[in-house]
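Read-outs throughout are calculated quantities, based only on the coordinates presented, and are distinct from any laboratory measurement. None of these values were measured; they are calculated from a predicted model. FYI the Cβ positions are ideal-geometry reconstructions off the backbone, even for glycines, and counts take in every protein chain you see.
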Amino acid sequence: MNEIEIIYSKEGFIFSKNSKNNYSLTFEMENKSIIISKIIDFSLVKLIYDLNGDIYEKVELQKINDTEAVMNLLMKHLFEEIGLPQRFSYVHVIKQVQENKVSFVSQSIYYERPEGMPENAEQMPIKKLICDCNIITPHRVAFSCSIIFEDHMIIPKFSEKMIGLILFKIFNRVKQFIENVRI
């Protein structure tokens, strides 16, 4: 696959497939009432999941220090009726700060299974998830995320559009929340 395939596009949110097991999503948010660039940290990452209780059953963020955290996320069993397993993510996240850019780089933790995961839940095999927060102005940030799954991950074609819709719901809620904050 040499061409990028747009899977889902709506209201400035674009979810695309770059190659096998390599996806990206982009969107922007702006709020002239707050300095968005100052709130890009692990609490913003947790907010993403806290605003989506209908999608996530469990969200735990253990901050190691200002630049590292471990996240444990259990999705609700959304696709049980079509035979897909419930999924969880257990990732190590590193925050990297550069001029006009904050990045969150995540990789799956495979050497242990987090406590409290349902026995039948399967781990999302995330090779690397990079979310770049490009600061256009202090009030406007462009998000660009790259999601690369391990080679053995099989993502059925029919589920890609559903994944795009779920990702849109997740990030659109955060965008609306941030854009509607008034101070």
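Pairs from the list K17/K38; K20/K127; K76/K127; K10/K32; K46/K169; K95/K169 with a Cα-Cα gap above 20 Å: K17/K38; K76/K127; K10/K32; K95/K169. Rounded to the nearest 20, the size of the Cβ-charge dipole of the stretch 20-179 about its Cα centre is 460 debye, with Lys and Arg at +1 and Asp and Glu at -1. The trypsin sites (Lys or Arg not before Pro) of the stretch 110-183 that DSSP puts in a loop, and whose beta carbon has at most 14 other beta carbons within 10 Å, are R182. Nearest 10 degrees is fine. How inclined is helix 157-179 to the longest principal axis of the chain, computing both from alpha carbons? Here the helix axis deviates by roughly 30 degrees. Between the residues G12, N52, V97, the greatest Cα displacement towards the positive end of the dipole of the chain, with unit charges on the Cβ of Lys, Arg, Asp and Glu, is found for G12. The length gained on full extension between E5 and L61, counted as 0.36 nm times the residue separation minus their Cα-Cα distance, comes to 16.9 nm. For the chain, leaving out every one of the GluC sites (Glu not before Pro) that falls in a DSSP loop and has at most 16 other Cβ atoms within 10 Å, the longest unbroken run is 12-98. The modelled label-to-label distance for the pair L47/M162, using points 7 Å beyond Cα in the direction of Cβ, is 3.0 nm.
The helix-based estimate of mean residue ellipticity at 222 nm for the chain, built from -39,500 (n - 2.57) per DSSP H run of four or more residues and divided by its residue count, is -6000 deg cm²/dmol to the nearest 500. Working from Cα pairs under 8 Å separated by at least six residues, relative contact order for the chain is 26 percent.
Placing a label point 7 Å from the Cα of N100 along the Cα-to-Cβ direction, the residues of the stretch 141-182 with a backbone N closer than 17 Å are 141-144. This ranking places I55, I154, I136, I170 by how few other beta-carbon atoms lie within 10 Å of each, fewest first, which gives I154, I136, I55, I170.
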